[in-house]
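The values are calculated or read from the model by the stated rules, or taken from the named source; none is laboratory data. Since the model is a prediction, treat every value here as computed from it, not as a measurement. We place every Cβ from the backbone using ideal geometry, glycine too, and count neighbours over all the protein chains shown.
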Amino acid sequence: MKTIIIGAGPASLMAATQAVKNGQEVLVFEKMKTAGRKFLVAGDGGFNLSHNGTIDDFVSYYSHIQMTQIIKRFKNDDLVNWLKEIGIETYVGSSGKIFPIKEIKPAMVLNTWLDHLKDQGVKFIYNASLEDFNNNQVFIKTISGLVSHTFDKLVLGLGAASWSKTGSDAAWVSLFESKNIRVIPFQASNAGVNCNLPIEFLKQFQGCVFKNVIVTHNGNIRMGEVLLTEYGVEGAPIYYLNPSIRQNSIEPIVIDFKPNHSLEEIIDVLSKSKNVSDGLKKLKLPNAIITWCKLYLSKEEFIDSEKIALTIKNFSITITSFRPIDEAISCCGGVSWNELDEDLRLKSFPSVHIVGEMVDWEAPTGGYLLQGAFAMGYVAGKS
Ligand SMILES: Cc1cc2nc3c(=O)[nH]c(=O)nc-3n(C[C@H](O)[C@H](O)[C@H](O)COP(=O)(O)OP(=O)(O)OC[C@H]3O[C@@H](n4cnc5c(N)ncnc54)[C@H](O)[C@@H]3O)c2cc1C
């Protein structure tokens, strides 16, 4: 039995891992010169391979109920055990994120995995781009021209629409649409947002990190680090709130810079200080916020402890738009779940499975994205 896999991202590589375990002959085609480019980009950031926690809590981070069933078939613990089998030890960081141990760099994870697959007989063909497919034949553009291969199973793990330089450019969407396979338009997920803070303020304080703040949007709350950028804000709480912001972009985000102090406690510190500047210093606020109070509040507001306390605890930022999709860590949108069965087979092409970010789901950063990709690859490869 022959399985052809297109795309060499983590979802596809996990499908290859399981298919070869099942005794299949496996061929992987990738349009770039090398495998796993976005996986390596993830490695440049935190490289959270997954996240610790009970399965019920874990699955609650996914946008679509279908992902719950997928993740339950290949859980965070299963991933850790499998990584150990191929020689990648992991540890759980203080935030619950699961990383490879310090000595193991991201490229080593990828190379160890690729070597493992090659040892099992998986063949890789690079500079090879999917052009078309039907239920038993795939057409691939290679440097020597268009070639066709027959298959028993085809797995497509072509990625979404961000970081196109890694190969994930969603160029496959038109092919799917020509086959009447519904693709929900891609949008940025886990992305920063442009906002209407004054340009001079953003220029002066870009790069400033606000630690342990609480960000609220439309009743949704997240604590964490927010980074001020030249265009607005980004960081884990903003990413987490992306779905909420997408649903209601008119509603501002509100930052509480002193979540451990009540409004009354802040008013108390300010009114007992010899002047406002002294009070702001005592509150150990970031410079950006002190400057904001000095420059952007009126004279009357600046001497009003309650107004300042409200600014510190309810700092409202109006969002103008998301950052361009190509900058986003991930995407929402993709092949509609209505097109797929529970083993990720295309209903209209039952020998073809679809895995990873090219399917319509989203999850926050912190290991949930890669675990989602691994689990989908596992389900397709296993079946
Ligand atoms: C900056 C950044 C940091 C990240 N950090 C993390 C993190 O710490 N933790 C986490 O869980 N996730 C993280 N992610 C997300 C994670 O990298 C993705 O979720 C994951 O790579 C998706 O895997 P995939 O296999 O679905 O698709 P991809 O990794 O996008 O792979 C798709 C592959 O298909 C190939 N391809 C596309 N079209 C064709 C075609 N027509 N023919 C042949 N091949 C094709 C592409 O070249 C690519 O190699 C991060 C992402 C970014 C951008």
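Values for this structure:
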{"read-out": "Close pairs from segment 85-101: first in the same structural domain as Ala42 (by TED's automatic domain parsing), partner in a strand (DSSP E or B) and loosely packed, with under 15 Cβ neighbours inside 10 Å, Cβ under 7 Å, at least 6 apart", "value": "Phe99/Tyr91; Ile101/Tyr91"}
{"read-out": "The lone exception for Asp343 - which of (1) more than 16 Å from the ligand (Cβ to nearest atom); (2) assigned to a helix (DSSP H, G or I) it fails", "value": "(2)"}
{"read-out": "Residues (among the basic types (Lys, Arg) and more than 7 Å from the ligand (Cβ to nearest atom)) located in segment 19-39", "value": "Lys21, Lys33"}
{"read-out": "Only listed residue being touching a residue at least 24 places away in the same chain (Cβ under 8 Å), out of contact with any helix residue (DSSP H, G or I) (no Cβ under 9 Å at 6 or more places or on another chain) and surrounded by 21 or more Cβ atoms within 10 Å (Cβ to Cβ), chosen from Gly366, Gly333, Gly356, Gly381", "value": "Gly333"}
{"read-out": "Residues that are hydroxyl-bearing (Ser, Thr, Tyr) and either out of contact with any strand residue (DSSP E or B) (no Cβ under 8 Å at 6 or more places or on another chain) or in a strand (DSSP E or B) (or both), drawn from segment 144-173", "value": "Ser144, Ser148, Thr150, Ser164, Thr166, Ser168"}
{"read-out": "Pair list, Cβ under 9 Å, 6 or more apart: segment 131-143 residue over 25 Å from Lys33 (Cβ atoms) and assigned to a strand (DSSP E or B), other residue among the β-branched types (Val, Ile, Thr) and more than 10 Å from the ligand (Cβ to nearest atom)", "value": "Gln137/Thr150"}
{"read-out": "Which listed residue, of Gly157, Gly167, Gly232, Gly207, is more than 12 Å from the ligand (Cβ to nearest atom), of a type in the set (Gly, Ala, Ser) and surrounded by 14 or more Cβ atoms within 10 Å (Cβ to Cβ)", "value": "Gly232"}
{"read-out": "Test: residue in segment 88-108 that is surrounded by 14 or more Cβ atoms within 10 Å (Cβ to Cβ), more than 15 Å from the ligand (Cβ to nearest atom), within 30 Å of Thr150 (Cα to Cα) and at pLDDT 95 or above", "value": "no"}
{"read-out": "Close pairs (7 angstrom Cβ cut-off, 6 or more residues apart or separate chains): under 13 Å from Asp152 (Cα atoms) in segment 13-24, buried (at least 21 other Cβ atoms within 10 Å of the Cβ) and polar (S, T, N, Q) anywhere", "value": "Ala19/Thr3; Gln24/Thr3"}
{"read-out": "Residue identified as on the phi < 0 side of the Ramachandran plot, at pLDDT below 95, buried (at least 19 other Cβ atoms within 10 Å of the Cβ) and within 15 Å of the ligand (Cβ to nearest atom) among Ala42, Ala11, Ala16", "value": "Ala42"}
{"read-out": "Identity of the residue in segment 305-326, within 16 Å of the ligand (Cβ to nearest atom) and out of contact with any Phe, Trp or Tyr (no Cβ under 8 Å at 6 or more places or on another chain), that ends up farthest from Val213 (Cα to Cα)", "value": "Pro324"}
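Per-residue answers, yes or no, for (1) closer than 23 Å to Ile354 by Cβ; (2) crowded, with 19+ Cβ neighbours inside 10 Å; (3) charged (D, E, K, R):
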{"site": "Asp115", "(1), (2), (3)": "no, no, yes"}
{"site": "Leu130", "(1), (2), (3)": "yes, yes, no"}
{"site": "Ile143", "(1), (2), (3)": "no, no, no"}
{"site": "Lys153", "(1), (2), (3)": "yes, yes, yes"}
